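S.K.: Handing you this structure, nothing more for now.
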Amino acid sequence: MTDHRLHVHVPWAQLRATLPFLLERSLQPEIAFKGPDLDMVSPQHLRDAGRQLAGAGLKVTIHAPFADLNPGALEPLVFKATRQRFFQTLEAADRLGARLVVFHPGYDRWKYSGLDHLWLNQNLHFWPPLLKRAAEQKCTMALENIFEKDTGTLCDLLSALDTPWLGHCFDIGHWSLFADVSLSDWFNALGSRLVHLHLHDNLGVRDDHLPVGEGRIDFAALFQLMSSLPAAPSMTLEAHTRSNLLRSLTGVAPFLVT
């Protein structure tokens, strides 16, 4: 089973060991970096990995570091560290030949409740230099929903910046856990800016990252909504073990066009 839109989660630290499996199965990776990875990896190592994947006809997406980072940070040192890590991620993406990078937006309603404008204003200062770099290397950036209860903050930010180089990554597992709006309402608000999806399941209690079809999420409804979009987004199976990935590939197969 192969779908040109489909990727699978692979931590950078595991890419070398996972590469034979990816090549054998023709699976495209979404390479997830932690901050220290970006300090230690050599440019040549990135270029070599990118050439090997491209040589097999496999595209690459990237997941940026997120731990302790926040593009809406009010603390100047956190703001600066986040921008540095995100620039490093774009540089790594360019060397790997990736054309899409997923970022966490850093919004948390418990921190910003009632003061969302502070998060938004910081983001409006944060992203323009990165947008310039992304446009230069023709790499789309995508903001993933994490703790968002609704689409308001993401809509406000994406509308204010209004650029084809910054879109939305819809994580259906996070939506299932944290959102208070229906799937159709989410798509009505952000479907036009949707460029990527993260697919995993849960039971509505914690972020289990279960295989597709093994939790409570209605994936048939998701793919029905996707069919009405003007352009089909790419997607990543966010399975964290090999066995879960294999089960997730089976679970998603009925919804994919081969």
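S.K.: According to a simple spin-label model (label point 7 Å from Cα along Cα-to-Cβ), what is the distance in nm between Ala13 and Leu203?
M.R.: 2.8 nm
S.K.: Compare Pro76, Pro129, Pro164 in a GNM of the chain, Cα atoms joined below 10 Å, and give the one with the largest fluctuation.
M.R.: Judging by the Gaussian network model, the answer is Pro76.
S.K.: Taking R0 as 22 Å, what's the FRET efficiency between Asp150 and Trp110 from their Cβ-Cβ distance, rounded to 0.05?
M.R.: 0.90
S.K.: Something else: For the stretch 97-112, what does the Karplus curve 6.51 cos²θ - 1.76 cosθ + 1.60, with θ = phi - 60°, yield as ³J(HN,Hα) per residue in whole Hz, taken in order and with x for Gly and Pro?
M.R.: With the stated coefficients, the stretch 97-112 comes to x, 7, 10, 8, 10, 9, 10, 7, x, x, 7, 9, 4, 6, 8, 10 Hz.
S.K.: For the cross-link pairs Lys59/Lys138; Lys59/Lys80; Lys80/Lys132, which exceed 26 Å when the distance is taken from alpha carbon to alpha carbon? Write out the running numbers ahead of the final one.
M.R.: Values: Lys59/Lys138 14 Å; Lys59/Lys80 30 Å; Lys80/Lys132 17 Å.
As for pairs spanning more than 26 Å Cα to Cα, those are Lys59/Lys80.
S.K.: Here's another thing I want to ask about it. Starting from one equal scatterer on each C-alpha and no solvent at all, send me the Debye-based log10 I(q)/I(0) for the stretch 46-203 at q = 0.10, 0.21 Å⁻¹, two decimals.
M.R.: Computed log10 I(q)/I(0) values: -0.36, -1.44.
S.K.: Straight distance only, please: which lysines reach the Cα of Lys149 with their own Cα at less than 22 Å, same-chain residues fewer than 8 apart left out?
M.R.: The qualifying lysines are Lys111.
S.K.: Oh, and also: Find the accessible area per residue for the chain; the probe is 1.4 Å, ligands and nucleic acids are left out, and the unit is Å².
M.R.: Value returned for the chain: 46 Å² of accessible area per residue.
S.K.: Accessible area of the chain with a 1.4 Å probe: how many percent of it is carbon plus sulfur?
M.R.: On the way: 6380 of 11900 Å².
Percent of accessible area from carbon and sulfur atoms in the chain: 54.
S.K.: Amide H of Gln28 versus every other amide H placed in the peptide plane: which residues, excluding those fewer than 5 positions away on the same chain, fall under 5 Å?
M.R.: Residues meeting the amide H criterion: Val8.
S.K.: Using θ = phi - 60° and the Karplus curve 6.51 cos²θ - 1.76 cosθ + 1.60, what whole-Hz ³J(HN,Hα) does each residue of the stretch 135-150 get, with Gly and Pro shown as x?
M.R.: Rounded to whole hertz, the list is 5, 4, 9, 6, 10, 7, 9, 9, 8, 8, 6, 10, 9, 4, 7, 8.
S.K.: Tally the DSSP beta bridges in the chain and give the antiparallel ones as a percent, rounded to 5.
M.R.: Bridges in the chain that DSSP calls antiparallel: roughly 5 percent.
The values are calculated or read from the model by the stated rules, or taken from the named source; none is laboratory data. These numbers come from a predicted model, not from an experiment. Backbone-built Cβ (ideal geometry, glycine too); neighbour counts: all protein chains shown. With ligands, DNA and RNA removed, areas are computed over all heavy atoms of the protein, side chains included. Shrake-Rupley method; radii C 1.70, N 1.55, O 1.52, S 1.80 Å.
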